[in-house]
Amino acid sequence: GLEETLCTVKLSENIGLPQEADVFNPRAGRITTVNSQKIPILSSLQLSAERGFLYSNAIFAPHWNINAHSALYVIRGNARIQVVDHKGNKVFDDEVKQGQLIIVPQYFAVIKKAGNEGFEYVAFKTNDNAMINPLVGRLSALRAIPEEVLRSSFQISSEEAEELKYGRQEALLLSEQSQQGKREVA
Amino acid sequence: GGKTQCNIQKLNAQEPSFRFPSEAGLTEFWDSNNPEFGCAGVEFERNTVQPKGLRLPHYSNVPKFVYVVEGTGVQGTVIPGCAETFESQGESFSGGQEQPGKGQEGSKGGQEGQRQRFPDRHQKLRRFQKGDVLILLPGFTQWTYNDGDVPLVTVALLDVANEANQLDLQSRKFFLAGNPQQGGGKEGHQGQQQQHRNIFSGFDDQLLAEAFNVDLKIIQKLKGPKDKRGSTVRAEKLQLFLPEYSEQEQQPQQQQGQQQQGVGRGWRSN
């Protein structure tokens with residue numbers, strides 16, 4: 001019965017096609033992921049991958065990997081990447097180019113800004129359901145924290161706390177120039 | 001088993017080895033270089049938060065299992081992707097009329113108390129008290145506020161050998177605010193107790209301002225380079241939106257009366 005079970009196991013998936021994108025912002029780019037939800041055998045390997053296309057000067061919101069290390073390989077274009085450790089030290093701040101690889105350890109905060117030519121990459125992650133936690137935007141950790149807590153934590157006014165929470169309505173991929181209101185209707 | 005060393009000849013009862021006082025609290029660590037900690041793959045810490053103290057938002061690389069020894073408080077845990085299901089009434093503190101719906105630009109000028117504000121939205125808050133255990137998941141942002149009258153004392157086991165931690169066998173805290181002094185466990189043993197900065201500090205101002213879509217002056221405050229308050233700060237006027245604080249629930253008779261008026265107007269039909 002192996003030919004009906006193991007032999008038919010799904011072992012491939014195209015994550016380069018635009019129509020397969022899981023995250024899409026026409027002003028900033030798209031991301032496609034492959035994880036154990038799409039290819040079940042990845043659960044036994046504890047691996048997943050992410051294919052990213054950042055348009056010119058777009059920003060991937062600062063975030064950290066919750067449950068995985070990430071090995072990011074640059075397919076095309078370039079980007080400025082900064083990585084910060086738990087002491088607030090910048091452990092990487094450089095431009096990465098086609099053919100280069102950077103390892104981003106689990107929990108380290110990272111921000112990516114595409115260059116003028118855009119930025120394409122594939123990131124391999126050491127968890128079959130890798131998750132990130134963004135610091136900016138609609139899905140950010142700051143937006144989930146009460147304004148009062150932000151105000152006391154950063155010693156800022158209520159208005160400034162509101163700006164921090166709602167200054168960006170986009171989720172993960174941030175466009176270069178945002179003319180949107182501080183709290184536009186979704 | 002392969003990660004830890006358990007060649008122990010003698011066990012010792014131990015007290016905290018490292019103390020880090022902050023503006024409104026104290027964090028104490030046991031020395032995790034002692035062999036029994038290495039064998040168990042754990043670290044241990046004790047936190048004290050004074051009344052009106054706020055432990056700043058942070059996340060850790062290891063799961064924490066917390067027991068509340070004394071006091072009460074409010075726990076905020078940010079679960080990525082979850083909705084902001086708690087919301088304020090917007091105008092509840094100014095005495096004005098509530099603004100229906102979001103997206104309306106409020107008037108920001110004028111005197112305090114007359115300012116129109118949007119409702120604030122955030123994720124669920126959890127109240128805890130003496131005797132409770134709390135599970136703090138690695139990588140999830142958390143903060144704690146002591147809104148009681150007595151110091152909040154908690155002890156916590158940090159499971160550094162947990163498979164969720166793919167870094168080395170050492171706990172790390174990544175603060176989103178302030179400049180907390182850290183250095184428990186192996187760091188402390190090596191005499192590396194130092195002023196850490198929050199994770200925003202490592203990013204460029206301009207890049208952050210662009211990402212947040214805010215002015216540079218707010219980014220400077222976000223980094224807080226001169227913030228010396230430590231990991232637990234005083235937050236006297238923190239007003240959190242919890243169901244127990246709801247005015248409507250404090251005035252059930254009034255609410256009931258309003259409902260009866262509604263029925264009288266024929267609002268029972270759909």
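The values are calculated or read from the model by the stated rules, or taken from the named source; none is laboratory data. Bear in mind that the values here come from a model prediction, so they are computed numbers and not experimental data. Every residue, glycine among them, receives a Cβ derived from its backbone with ideal geometry; neighbour counts consider all protein chains shown.
Table for the structure above
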| item | result |
| --- | --- |
| Unmet criterion (only one of (1) at pLDDT below 95; (2) under 23 Å from the mean Cα position of the chain (by Cα)) for residue A:181 | (2) |
| Residue satisfying all of: in region B:118-141; more than 10 Å from chain A (Cβ to nearest Cβ) and part of a strand (DSSP E or B); farthest from residue B:77 (Cα to Cα) among these | B:129 |
| Selection within region B:209-240 - surrounded by fewer than 21 Cβ atoms within 10 Å (Cβ to Cβ), in a helix (DSSP H, G or I) and more than 9 Å from chain A (Cβ to nearest Cβ) | B:209, B:216, B:220 |
| Residue in region B:146-155 that is surrounded by fewer than 17 Cβ atoms within 10 Å (Cβ to Cβ) and touching a strand residue (DSSP E or B) at 6+ places or on another chain (Cβ under 6 Å) present | yes |
| Single residue of region A:109-142 satisfying the filter (among the aromatic types (Phe, Trp, Tyr) and closer than 25 Å to residue A:176 by Cβ) that is farthest from the other protein chains (Cβ to nearest Cβ) | A:121 |
| Test for residue B:247: is it farther than 26 Å from residue A:137 by Cβ, within 27 Å of the chain's Cα centre (by Cα) and either surrounded by 12 or more Cβ atoms within 10 Å (Cβ to Cβ) or at pLDDT below 70 (or both) | yes |
| Residue within region A:24-37 that is of a type in the set (A, V, I, L, M, F, W, C), surrounded by fewer than 17 Cβ atoms within 10 Å (Cβ to Cβ), under 16 Å from the mean Cα position of the chain (by Cα) and modelled with pLDDT of 95 or more present | yes |
| Criterion violated by residue A:121 - all others in (1) surrounded by 16 or more Cβ atoms within 10 Å (Cβ to Cβ); (2) in contact with an Asp or Glu (Cβ under 7 Å, 6 or more places away or on another chain) satisfied | (2) |
| Every residue from region A:74-97 that is more than 7 Å from chain B (Cβ to nearest Cβ) and hydrophobic (A, V, I, L, M, F, W, C) | A:74, A:75, A:79, A:81, A:83, A:91, A:92, A:96 |
| Condition met for residue A:148 (closer than 24 Å to residue B:180 by Cβ, acidic (Asp, Glu), surrounded by fewer than 24 Cβ atoms within 10 Å (Cβ to Cβ) and at pLDDT below 95) | yes |
| Residue list for region A:7-26, restricted to those being within 23 Å of residue A:169 (Cα to Cα) and of a type in the set (Val, Ile, Thr) | A:23 |
| Matching option when the condition is part of a strand (DSSP E or B) and either out of contact with any Lys or Arg (no Cβ under 9 Å at 6 or more places or on another chain) or among the basic types (Lys, Arg) (or both), among B:44, B:37 | B:44 |
